[in-house]
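All remarks here apply to the structure that follows.
The values are calculated or read from the model by the stated rules, or taken from the named source; none is laboratory data. Note that the structure is predicted; figures quoted are calculated from it, not measured. As a convention, Cβ positions derive from the backbone with ideal geometry for all residues, glycine included, and neighbour counts pool all protein chains shown. The accessibility values were calculated without ligands, DNA or RNA, using every heavy atom of the protein model including side chains. Shrake-Rupley method; radii C 1.70, N 1.55, O 1.52, S 1.80 Å.
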Amino acid sequence: MDPLWATIAEFWWIGPATIGTGTLGWLGLRRERRERRRRIELDAARLELRTAKRDAATARAAVRVARAELDRLQAERTTGRASAAEVAAARRELDRATDEVRVAAATARSRRAHVVAARAALPAAGDDSRLPVTRVMAAHDEIIARWMTYETDPARLIAFPAMTDARQPVTAAFLAADKTARELRPSSPHARVTPAQFTAYRDAVAAAERAFAVAEAEAWKQARAAGDAPPRPQPGDPDAGITGTPVRDQWTIIAQSLTQTALARGTEALARVVSARTPPGSRHPGEPPMPGRGEPGPDDDESGGGARRVWPVPGRPRA
């Protein structure tokens, strides 16, 4: 028999075994990546807890060092080799280090609670819609969509110009926070992300959400001062501070009010133009009295002198 065919007949099983091993390895790697995406929030919480514990240990060590330094200076003060100012400075340093220990301990307790919450919120296997990265990206998309309504809606653009004015400090702060979140955003929910990268992106989105809330409340406050929004906050408004009527319903009411105000102002302007162009006493038979002609009307002031027509404004009581 040919030696080549003899070799193939002897070692034919190597090819199928290699293919099978590669397939099993690929399936295992895919499952590991899926499991890593599912547990990334828990892994990030554990990483934060380890960092908080390390910071707490460092802070306790700093307290011991500060206390020993204070004791040394107090002992030298009795012999005249240390001044009272040095002792006071050491005491302030000990107080600062003690405060740092309290902060570090509180942070460690908070991170421990985050671990418990992340473990309880683990999504079910195969539920990609509840993956941590997917949820954070959805929250980021919602913030961008809310801001874009002020950018693309002409009525909101007129009523709330502060939301698109980067010269406003709170708006500039939101744009900077959103830029940071965009830079840290993964390319897709299935992209490979480390726990540290997930933590940075999650915190950036939370900061952008807080900055947007502050900017939106300030824009509504300025709109109320300018008369483009109701004078008092209603339930559901960004600056109301309480929950109630949905913001979308409130915006419908505000848009209607703005439309009525614009129509009323247009009517008043048209009346002033007609009054300025029509000579006194030139009213046609059957024409209703016009303001500015000295003719009494149903709403004119009959006390004499210059007649003043009070034009009704939709949504406002007659004077």
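Under the shape rule built on the C-alpha gyration tensor, where the axes satisfy a ≥ b ≥ c, region 118-196 is prolate, since a/c reaches at least 1.5 and a/b is greater than b/c. Name the shape class, rounded, prolate or oblate, that the alpha-carbon gyration tensor gives for region 73-207, where a ≥ b ≥ c are the square roots of its eigenvalues, rounded holds for a/c under 1.5, and otherwise prolate holds if a/b is larger than b/c and oblate otherwise. Taking the square roots of the gyration eigenvalues as a ≥ b ≥ c, region 73-207 is oblate. Shape class for region 170-242, computed from the alpha carbon gyration tensor (a ≥ b ≥ c): prolate, with a/c not under 1.5 and a/b above b/c.
Taking amide H atoms as placed 1.01 Å from N in the peptide plane, the amide H of Arg185 has no partner under 5 Å among residues 5 or more positions away or on other chains. Between Arg146 and Thr58, the FRET efficiency estimated from the beta carbon spacing at R0 = 45 angstrom works out to 0.65. Mind pulling up the Rg/Rh value for region 48-119? Radius of gyration and Kirkwood radius, both on Cα. Rounded to two decimals, Rg over Rh is 1.23. The portion of the accessible surface of region 119-160 made up by carbon and sulfur, rounded to a whole percent, is 61 (1.4 Å probe; DNA, RNA and ligands excluded). Using the average count of surrounding beta-carbon atoms within 10 Å as a protection proxy, the listed peptides 88-100, 40-52 rank, highest first, as 40-52, 88-100.
When Thr152, Thr194, Thr171, Thr134 are compared by accessible area of protein heavy atoms, the largest-first order is Thr152, Thr194, Thr134, Thr171, using a 1.4 Å probe.
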